Structures are given as structure tokens and as C-alpha cells.
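Below is one structure, written out as C-alpha cells, with a few remarks after it.
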Amino acid sequence: MRLGPSRRLWILPILAAIATVILFGPRLYRTALVGSGYFAQTLCSGVFVSGRPMSDVIATNLAGARFRPLRLFTPTVDEDARQASTALLGLARQTAIYREGLGCTLVHDKAPALLRAETKDLFPRGRPPKAGTAWPDGERVEAGPWTDDFRWPDGVDSEAATRAVKAILAEPSPERPRGTRALVVVQNGRIVAERYAPGFDAHMPLVGWSMSKAAINALIGMRVKDGVLSLDDTGLLPEWRNDGDARGTITLDELMRMTSGLAFDEGYDNDLSDVARMLYLRPNTARFAASKPLEHRPGSHWSYSTGTTNIIAGVLRETFDDERAYLHYPRGRLFGPLGMRTAMFAPDASGTLMGGAFLYASARDWARLGLLFLRDGKWNGETLLPEGWVAYSTKPTPQSPDGEYGAQIWLKPQSEDEATGEPPMPEDAYYMQGYNGQAVVIVPSRDLVVVRLGLTPPGGDWNTARDLAPLVNAFPREH
């Protein structure tokens, strides 16, 4: 049978569509799975960890040009089961479940009931802080409500500090949103100012993204203090201990400093980059990152990698014989002593902490973590981190550009004053930094910790060094 010209024109698009599915179908499906995973994880965490309405999470966390394709996805939230699911046209479905004390985990090929059974009663209800106890031991904050004539501590340039806070919370350009959600300022161990965007408050856990790496730093430090780990350790994972596997020579120090030499694509513009596939497609994130080949000789090349931090979380797991003890460790040794009652460190489906990205905590609790570093690892008279650990963590890694990175900690502001070419922050400032503009800035010379949480989209109007420097520099140097 012969087809007429009009019939041939009609069938060509169909043939082209079939060819596209055959050639690119697997890639498109994996991309859809990444989208479903991101949507489900974000929605589950927003609703069940942060306690926000589903509509608000979708409207704010999943809005903007970057997320327009997600409008094709259909989300569902099951309040009784405490889980969120997302699918594209009924396909590529992903589900994230909430577990008390841990937050949300994508289930992948594991039954939700099994995941829940593994952590049942892992976190018994803790005692609330004593009524009236001042922060950081409790939640009482003496700083008054925010007003135009807000009273700053003595010695602070009040006009400059007030102007800086207003600018941090402002939205001067609708086309380039700033998206600040929380700001906490700690001086001399006390909260001296805090502000929150509408819909957010002092007790709401929010994602730190890569600020989570600083918590992994502290947890590793504690295992070093216990004598269980050493920074010179090699043969860190079972799969690296085979004869002739050069990855077995990688030291814990090289992982901490991002100089392992392992290949890893940290790109955020590619939906199928290593970091995207690791976080949203793989049930065992540490094993995925650890399977990567060496691109460089260990110790010779610096490359920022969330995969590396997830490997470190896997190394931490190797030090425990009991899986439940491992999952309880952050609460028992770090969050509990610091009073970080809102903190939740989400594991993947295999049970390994998502060390590079998925720690949720309130702005006040992120400030507590910053204060631990500012106090050189000491808390209420107890030494939680090894002697010299903060100095180790803030020692520049020579292979990093201009020595801007330490051990899971950023050391130099990624911005300069246009007039002088100098960093706008004090030279001794160092940082926990995360995607979308998360930041904990620690400034020993001013006895200061500043926390900024938000959601600044790519291209948004936020630069941590530029926008927090006016506030930091309004505080006097300690004598």
C-alpha cells in the first residue's frame, strides 16, 4: 500500500518520536527518576521535617524556571503514612518516607515497612529544655523583638548592623530573588539578634545542604578522639582492600580535604551528573561514590565532591558493628550534648548517612554547631572534639584554589571588594556553606557566629561574603 504525501507527512513525527524513545528513552527515564526523587525528597522533608503546608513547599521550594519541568509531575502526600510520592505521567515514581529523628529517605527498592522497622524506637522522646534556660543550653533569648530602633550590644555599630539585617531580608529585585528565610547572630555565646521570613520560625528545621559536611567533620573528629579512626588510615572500605586497588592508598585525611583523586561530577546544571544520580537514584550513596575510579594520584589534586563526604559517612559506618548504634551516633554524641533538638540527619535506603547534603536543623541549632567550632570543640566544660581538631579543620588545603578549603570547611570568602580587591570578611572568618545560599560564618576575632538560611535560586541576588560582611564588620574586634 502506498501512502499519499499528506499521510507521509503525518507519520514522520510519529517515527521520529519512536526513534527518540529508542535512542534516548533510558536517559529520559533516568532524568524523570531524578526529578521524581528530588520532588519526593523535598516534599517529604518540607511537610514532615519542617512542618510546612504541602502547597507552600511546592510553591516556594519547587518554583522558578529551573523547576518548570516538575510541573508535569504529580505529587501525593500521605499524612497517615508520613510519606510523599511523585511520578511523571504515572511513571518513574519515587517515594520518600519520614522516620522520627532521621527525616526523609527515598525508599528505592526497599519496602517502607522494612525501613520503618529498622529504626523503630531508635529515638526515645527526650526531655525538653528547662523552662527559662538561656540559649544555647535552652531556648530563652534575651534579644528583644525586631524593630527599627532594635538595641544592639554595646560596641556594635548599631546603624550599620540594622542596615545590614534589613538588606539581608530584603528583596530588591523580583527577577533575582534573595530568598532569606532565617538569620541568627551570636556574639559572646548568646543570640543577640534573629529574624525570620513569614512562614518560618526559630524552631523550624531547614536543610543545610553542604553545610552538613561540617557535622560529618565533627563526627569523624569524635571517632578520632575515641581512638577508633586516624587521619592516616588507609584501606578505608572493603571494596578498596583488594590487591592492586590504588584506591586502598587513599587516606582519611585526603577524603576530609577533598584530595582523594576520585572521579566525581559535582555539576548542578546536569540532571544526570554524579551528584544527582547519587542523591536521587542510588540506594547506597557511599558505595556509588566509592565505585568511581581514580582520576589523579591521591593527595595531588583538589576537587570538591559531595560524593567524597558520603564516602566519609560510609567510613564512619564501618567503625560500628551495630547499624542502629551508627544511626543513633549523631544524636548521642553531637546533637544531644549541643542541645540541637531539631537536628535530623537523613540516611539513604542502605542506612548510610547522607553526609554531604541532608542534615536538617533550625537556625538556632545550626548556630550551636557553629559555636562548637568557635569554642574550639569544647562545650559546657567538656571537650567534644580532639585537641587541635578545629585548627586541623581550618588549616588550608594547599591543593585547593588559593587555599580556600580546609577539611570539610570553607576558609575564604568567594567574593572581593571591587574597590580594593580584598576579601570583605575578616581574615580569620571561616564557613559552613551550602547550596541555595546556606551559611554559618564563624569569626573568632569578633567572637561571632552568623547563620543565614534561605533558598536563593541559581542567578539569585545573594553572595555570602558580600551580603554578610556589613553585618560582621559592624561588630568590634575582641581584644
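Each reported figure results from applying straightforward, stated rules to the coordinates on display, with no laboratory input. As the structure is a prediction and not an experimental result, all values here were calculated from the model. All Cβ positions, glycine included, derive from the backbone under ideal geometry; neighbour counts span all protein chains shown.
A few points about this structure:
- Looking at the range 252-377, the pairs of alpha carbons with a distance over 25 Å make up 30% of the total.
- Considering only the chain, percent of DSSP beta bridges that pair antiparallel, nearest 5: 100 percent
- Positive-pole candidate from MET54, GLY459, PRO129, dipole of the chain, charges at beta carbon: MET54
- The modelled label-to-label distance between ARG163 and ASN270, using points 7 Å beyond Cα along the C-beta direction, is 4.5 nm.
- Spin-label model, ARG140 to TYR435: label points 7 Å out along the Cα-to-beta-carbon direction sit 4.1 nm apart.
- Separation of the range 67-104 and the range 118-158, taken as the distance between their Cα centroids, equals 33 angstrom.
- The range 323-474 pair-distance distribution - Cα-Cα, 10 Å bins, rounded %: 10, 36, 38, 14, 2, 0
- For the chain, the longest principal axis of the C-alpha atoms and the axis of helix 306-318 are separated by about 80°.
- Cα-based convex hull, the range 177-289, per residue volume (Å³, whole number): 188 Å³
- Note that the range 38-81 carries a Kirkwood radius of 10.7 Å, evaluated over its alpha carbons pair by pair.
- Relative to the longest principal axis of the Cα atoms of the chain, helix 212-225 runs at roughly 60 degrees.
- Mean projection of the Cα convex hull over all viewing directions, computed for the chain: 28.6 nm².
- Compared with the dominant principal axis of the Cα atoms in the chain, helix 158-169 is inclined by about 10°.
- For the range 370-387, backbone phi angles converted through the Karplus equation (6.51, -1.76, 1.60; θ = phi - 60°) give residue-by-residue couplings of x, 5, 4, 5, 4, 8, 6, x, 10, 8, 6, x, 9, 8, 7, 9, x, 4 Hz, Gly and Pro being listed as x.
- Counting charges near VAL165 (Lys, Arg +1; Asp, Glu -1) among other residues having Cβ under 10 Å from its Cβ returns a value of +2.
- Electrostatic dipole magnitude of the range 264-362 [Cβ: Lys, Arg +1; Asp, Glu -1; Cα centre; debye, to 20]: 340 debye
- With R₀ fixed at 41 Å, the C-beta to C-beta distance from GLU318 to ASP149 puts the FRET efficiency at about 0.15.
- Over all other residues within a Cβ to Cβ distance under 9 Å of LEU236, the charged ones net out to 0, with Lys and Arg as +1 and Asp and Glu as -1.
- Helical mean residue ellipticity (222 nm; -39500 (n - 2.57) per DSSP H run of 4+; nearest 500) of the chain: -9500 deg cm²/dmol
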